[in-house]
Ligand SMILES: [Zn+2]
Ligand SMILES: [Zn+2]
């Protein structure tokens, strides 16, 4: 038998989809039930359907009518059937993707579509975040949370690749195609151009008069693993990355029309086309702009601006094109002025050799100055992250001194003394609050016990904010685009509290994080919570990787005024001072005397991100108490120290772990302060 080799389950799935789509479209209940029944029967058949069909046994099965047999034959021949095709054409394709989310059945999808006009995962996510879904009858907060979790799981399950990997792969393709003499222009379109955090298929658009030659060249690129379709001016291939990549060739004259069409999103395009018809009586397609109901070309659409103008709209940045309000805002002249690299004045999260970075503080400061930054906060890890060689109070205070010297030596920017303090599983901070208050900038992040529930992690983040000493919550959801979905935070509660307490939320621009996610960033903006766009650089080079935070910020509709580090440092410092004052803290903190800071010169030989590892539990039992020893030691701890003891105090300040010494120092006051005084005298 010729045709398409489909398993019984695949054929059953087509009937299932027909049932679902008919139900969403409000089809005949009788027929919907028939589709479902057929799907159930086919799914459990012991024999391959073509074999049964050949024997003439298929129409004798209970539950399979004559119509079904006709459809099955057609499916076996072509991979689909008329009714299946018609239903798919009739409904937005995003509805099908919604059906794949666990817990979303056809009746729920129908309600979401009917009542909220939600027709894609992006729109659904936004409707959940803004509380629209919870307001529907029989939905509520719990259901909203379940849907959000389902969307996140779905994206991981279908194996979308992180933006950075997709973009790099796409750029390699574009570079090679652009070398071709007959290629006039070449660009990535689709969801990469829109800047989504994870990408399914890649889309490449070429302007050329030689569609056949370009397609032939494309399918022979080394990144191509398998050719799916190849023709004049188009090709689809499977790449070595596992992704599908679609090539489209247009003429230079219709470049803008093609660019707009293939950038999508589909729902955005539909809305623009509808508006062009209504406002101007024009038909917009990837071939250009035509008089409605005719083939009369008005404009080939050489630029995207021309396409938008046909719908009486200004040009809309690709990051906004999801049909989540951008068309209405554009029509009203209220498009946001999205944040750009040149708006960022500094970076408030990075690591040095002191914890798990690969550069000295000075190298980081010089790299930041070269980018034109006016300030850089050094925020190394704290000691519970022992795998990342996190700092304790003593080392942090020593580093603080060192950073002042670095600032003087470099001379071009403020080098701020900060920390990325670990939020412990019970919500406490990993460092003494007095020490944290004395720093310039405190990021607080969760790196352990990530398997807690969303509510528990939200509680931890809020507990950290309520200490009053935290300026910003780092990578709030903890997602890793290549590995795990983030925590299902109670975002409303978190943002509400952040606003009340004057704490910022981070948009971490590590390309495998991009955290907060775009939709959450937009919610933060709506609720008036300032966002910090940081690189979380672990090397001087990574400070330049601002594009990942920025593209997510732009998808979150952020303008420079919504971003804390678009402000000068003096403004941010004032905010911090005001907040500390409101909490009843005095701001002046006694400074330790300057002392030598031996900055490490070699990185930790660890290939892991520290965030991936939970802090190693301490397996060493505490050293046995020896009161005689402590007494003797306490007596020797008077200035001036002998060389041996000086060395021991110095070691303790840097590495900790000497309980006897700590106790002896403690007899004179705060152990750390005492140690500083002793060493500097
Ligand atoms: Zn972190
Ligand atoms: Zn970090």
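Observations on the model:
- Ellipsoid semi-axes for the range 8-157, based on the Cα gyration tensor and the rule √(5λ), read 33, 15, 13 Å when sorted largest first.
- Calculated mean residue ellipticity at 222 nm for the chain: -13500 deg cm²/dmol, from DSSP H runs with n ≥ 4 weighted as -39500 (n - 2.57), summed, divided by the residue count and rounded to 500.
- The range 327-399: proportion of alpha-carbon pairs further apart than 17 angstrom, %: 57 percent
- Fraction of C-alpha pairs exceeding 30 angstrom in the range 161-331: 18 percent, rounded to a whole number.
- Percent RCO, i.e. relative contact order, over the range 161-331, from Cα pairs under 8 Å lying at least 6 residues apart: 18 percent
- Relative to the 2.2 N^0.38 Å rule of thumb, the range 277-403 has a C-alpha radius of gyration ratio of 1.86.
- Relative contact order for the range 65-210: 15 percent, from Cα pairs under 8 Å spaced at least 6 residues apart, divided by residue count.
- As a ratio to 2.2 N^0.38 Å, the alpha-carbon radius of gyration computed for the range 254-294 takes the value 1.07.
- Peptide packing for 40-47, 470-477, 124-131 was compared via the average number of neighbouring C-beta atoms within 10 Å per residue; ordered from the highest value, the list is 470-477, 124-131, 40-47.
- A quarter of the convex hull surface defined by the alpha-carbon atoms of the range 351-478 gives 7.5 nm² as the mean projection.
- For the chain, the longest principal axis of the Cα atoms and the long axis of helix 643-655 meet at an angle of about 20 degrees.
- FRET efficiency for the residue 305 to residue 212 pair, using the beta carbon distance and R₀ = 25 Å, is estimated at 0.25.
- Shape call, the range 341-582: gyration tensor on alpha carbons, a/c limit 1.5: rounded
- Convex hull (Cα only) mean projected area of the range 1-94, reported in nm² to one decimal: 5.8 nm²
- Most to least packed among 552-563, 240-251, 172-183 [average Cβ atoms within 10 Å]: 552-563, 240-251, 172-183
- DSSP beta bridges confined to the chain are antiparallel in about 45 percent of cases.
- A straight line joining the Cα centroids of the range 5-25 and the range 469-518 runs 39 Å.
- Helix axis angle, 266-280 relative to the chain longest principal axis, alpha carbon, degrees: 60 degrees
- Compactness relative to 2.2 N^0.38 Å, alpha carbon Rg of the chain: 1.16
- Gain on full stretching of the segment that runs from residue 102 to residue 227 - 0.36 nm per residue minus C-alpha separation: 41.8 nm
- Most tightly packed first, judged by the mean number of other beta-carbon atoms within 10 Å of their residues, the peptides 307-316, 101-110 read 307-316, 101-110.
- Cβ crowding within 10 Å ranks 196, 36 as 36, 196, fewest other Cβ atoms first.
- Cα gyration tensor, the range 184-264 - rounded (a/c under 1.5), prolate or oblate: oblate
- Which of 413, 228 has the fewest Cβ neighbours within 10 Å, and the rest in rising order: 228, 413
- Axis of helix 569-582 versus longest Cα principal axis of the chain: the two differ by about 70°, to the nearest ten degrees.
Read-outs: derived from the displayed coordinates by stated rules, not from any lab. Since the model is a prediction, treat every value here as computed from it, not as a measurement. Note that we place each Cβ from the backbone using ideal geometry, even for glycine, and neighbour counts take in every protein chain shown.
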